[in-house]
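Novice: Quick one: structure below, then a few questions.
Nothing in this text is a laboratory measurement; each read-out follows from the coordinates by a stated rule. What you see is a predicted model, and the numbers here were worked out from it, not measured in a lab. Here the Cβ is made from the backbone with ideal geometry for all residues, glycine too, and neighbour counts use every protein chain on show.
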Amino acid sequence: MEARKVYVSGGSTYVISLPKKWVKKTNLKPGDSLVVTEHGSSLQIGTSVIETESRTKEIKISQIMSSDALERILIAFYLVGYDTIKIKLDRKDHLIYRDSIRNILDYLIGVEIVEDTNESMTLEIMLDYRRMSTMQILQRMFSINRSMLLDLGKALKNMDIGLAKDIIMREKEIDRLYFLVVRQLKSAVEYQQIAEKLGILSQRDCLGYRIVVKVLERIADHIENISKNYIQLFEVQKESQLDEFINLTRNVADTFEKSVQALFGRNNEMAEMVFQELKKIEKSHSHISKELFKIEDIQSAILMKAMLDSLGRIASYSGDIAEVAINMSTEAS
């Protein structure tokens with residue numbers, strides 16, 4: 001942090017000097033324009049060239065430890081906002097690296113291979129902030145999670161293994177949306193103009209949304225785990241009585257929905273209702289957990305315990321969303 005004196009120029013214009021280090025870092029030149037954004041008693045000064053700048057990164061696979069490491073690096077560069085990523089295939093055993101690059105397309109939205117030669121592959125990230133606001137994507141993630149939870153209850157009630165398998169497949173879309181939102185939030189934190197295009201009213205809200213998007217991704221993981229464990233349970237014991245699980249799943253789904261409504265509506269009262277319902281869910285969870293000790297088949301009991309624990313985690317994550325809703329509602333007021 002640096003202190004700057006305010007001077008008056010021409011009798012009516014107030015002027016401050018810019019830090020030399022920042023000017024050099026941003027390649028600012030005489031005559032360039034800056035964007036000044038007011039935040040209460042603060043002003044944010046930023047360059048106005050972010051719309052036309054294209055960030056490019058070059059990677060050599062000879063400097064990467066493994067194909068798995070390459071996938072993680074590509075995801076990292078996607079998240080921090082690079083628009084073009086060129087991968088130099090400077091190893092003889094580059095086929096496995098090619099496969100990793102193509103696998104990335106299944107995880108990252110807006111990524112296309114625009115060049116594919118024997119020497120290199122180039123990825124281009126083509127995203128339009130105006131067409132995909134952060135709130136729209138979060139709502140989409142909530143909608144998918146909600147449908148997964150509701151269908152989970154149907155799968156348990158009707159012993160529908162096909163539906164359970166379909167639920168597992170839907171989790172991949174949540175992962176794709178998760179990476180997209182994280183990329184958006186990183187850009188929104190850096191540039192107020194992008195935050196506004198993404199529908200983020202205040203940059204400080206990015207922290208709350210970052211928590212929420214991770215929670216939504218973890219909820220999908222737990223729904224997937226429940227579905228996988230149920231498929232195994234069905235193979236071990238086709239006539240398992242899961243009435244209490246079905247009721248608990250329904251209650252968890254209702255609580256999850258209320259937590260997200262509280263977030264989108266900045267509704268404190270709705271958020272408080274979530275915490276009241278969590279107490280009831282905790283009692284049901286404890287009762288079912290005790291009943292599992294009466295099951296003679298150990299393998300079935302273990303699978304059901306895993307399902308129960310995941311339902312408990314989903315309920316807990318709903319509480320996390322409600323907390324964020326209260327915090328953001330308080331800031332807004």
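Novice: Which whole-Hz ³J(HN,Hα) couplings does segment 163-172 yield from phi under the Karplus relation 6.51 cos²θ - 1.76 cosθ + 1.60, θ = phi - 60°, glycine and proline marked x?
Specialist: Here the 3J(HN,Hα) series is 5, 4, 5, 5, 4, 4, 5, 5, 4, 5 Hz.
Novice: Let me ask you something else. Using a basic spin-label model with each label point 7 Å from the Cα along Cα→Cβ, how many nm lie between Phe275 and Asp160?
Specialist: About 3.7 nm, to one decimal.
Novice: Once phi is turned into ³J(HN,Hα) by the Karplus curve 6.51 cos²θ - 1.76 cosθ + 1.60 with θ = phi - 60°, what whole-Hz value does each residue of segment 82-92 show in order, with x for glycine and proline?
Specialist: For segment 82-92, the Karplus-derived couplings read 5, 9, 9, 10, 9, 10, 7, 8, 9, 9, 5 Hz, x marking Gly and Pro.
Novice: Between rounded, prolate and oblate, where does segment 42-193 land on the alpha carbon gyration tensor, with a ≥ b ≥ c its root eigenvalues, rounded for a/c under 1.5, else prolate if a/b exceeds b/c? Don't skip to the end; give the middle numbers.
Specialist: Details: a/c = 2.96, a/b = 1.25, b/c = 2.37.
Oblate shape, in that a/c is at least 1.5 and b/c is the bigger or equal ratio.
Novice: For Val111, list long-range residues whose amide hydrogen, built 1.01 Å from N in the peptide plane, is under 5 Å from its own amide hydrogen.
Specialist: HN-HN under 5 Å from Val111: Met126.
Novice: Kirkwood Rh and Cα-based Rg: tell me the resulting Rg over Rh for segment 99-175, rounded to two decimals.
Specialist: Details: Rg = 17.2 Å, Rh = 15.1 Å.
Ratio of gyration radius to Kirkwood radius: 1.14.
Novice: For segment 160-232 and segment 285-333, write down the distance between their C-alpha centroids in whole Å.
Specialist: So the separation of the two Cα centres works out to 19 Å.
Novice: Taking amide hydrogens as modeled 1.01 Å from N in the peptide plane, which residues meet the under 5 Å criterion relative to Ser120, leaving out close sequence neighbours?
Specialist: Leu89
Novice: What is the chain by shape, rounded, prolate or oblate, if you read a ≥ b ≥ c off the alpha carbon gyration tensor as root eigenvalues and call it rounded for a/c under 1.5, prolate for a/b larger than b/c, and oblate otherwise?
Specialist: Values: a/c = 3.22, a/b = 1.50, b/c = 2.16.
Taking the square roots of the gyration eigenvalues as a ≥ b ≥ c, the chain is oblate.
Novice: So what's the net charge close to Glu58: Lys and Arg +1, Asp and Glu -1, counting the other residues with Cβ under 14 Å from its Cβ?
Specialist: In short, 0.
Novice: Next up: Ordered by residue, what ³J(HN,Hα) values in Hz, to whole numbers, does segment 27-36 give under the Karplus form 6.51 cos²θ - 1.76 cosθ + 1.60, where θ = phi - 60° and Gly and Pro are x?
Specialist: Result, rounded to whole Hz: 6, 6, 10, x, x, 5, 9, 10, 9, 10.
Novice: Then there is this: Report the calculated FRET efficiency for Thr26 and Arg146 (r = Cβ-Cβ distance, R0 = 41 Å), to the nearest 0.05. Walk me through the numbers on the way to the answer.
Specialist: Working: r = 43 Å, r/R0 = 1.06.
FRET efficiency, Thr26 to Arg146: 0.40.
Novice: Can I ask one more? What longest region of the chain stays clear of GluC sites (Glu not before Pro) that DSSP places outside H, G, I, E and B and that have at most 11 other Cβ atoms within 10 Å?
Specialist: Of all site-free stretches, the longest is 120-238.
Novice: Same structure, new question: Counting only C-alpha contacts under 8 Å and six or more residues apart, can you give the relative contact order of the chain as a whole percent?
Specialist: About 14 percent, as a whole number.
Novice: Could I ask something else about it? Normalised by the residues of segment 134-332, what does the relative contact order come to in percent, with Cα pairs under 8 Å and at least six apart?
Specialist: Values: 237 pairs, mean separation 52.6, N = 199.
It rounds to 26 percent for segment 134-332.
Novice: Separate question: Quick one: which residues, 5 or more positions from Lys57 or on another chain, have an amide H under 5 Å from its amide H? H modelled 1.01 Å from N in the peptide plane, none for Pro or chain starts.
Specialist: Those lying under 5 Å, H to H, from Lys57 are Thr84, Ile85, Lys86.
Novice: Continuing with the same structure: To the nearest 0.05, how large is the calculated FRET efficiency for Asn268 and Leu43 if R₀ is 30 Å and r is the Cβ-Cβ distance? If you can, show how the numbers build up before the last one.
Specialist: Values: r = 31 Å, r/R0 = 1.03.
In this case the efficiency is close to 0.45.
Novice: If you don't mind, there's one more thing I want to ask. Starting from the Cα gyration tensor of segment 179-333, multiply each eigenvalue by 5, take the square root, and state the resulting semi-axes largest first in whole Å. Intermediate values should be presented prior to the final figure.
Specialist: Numbers: eigenvalues 265, 63, 18 Å².
Calculated on Cα positions only, the semi-axes equal 36, 18, 9 Å.
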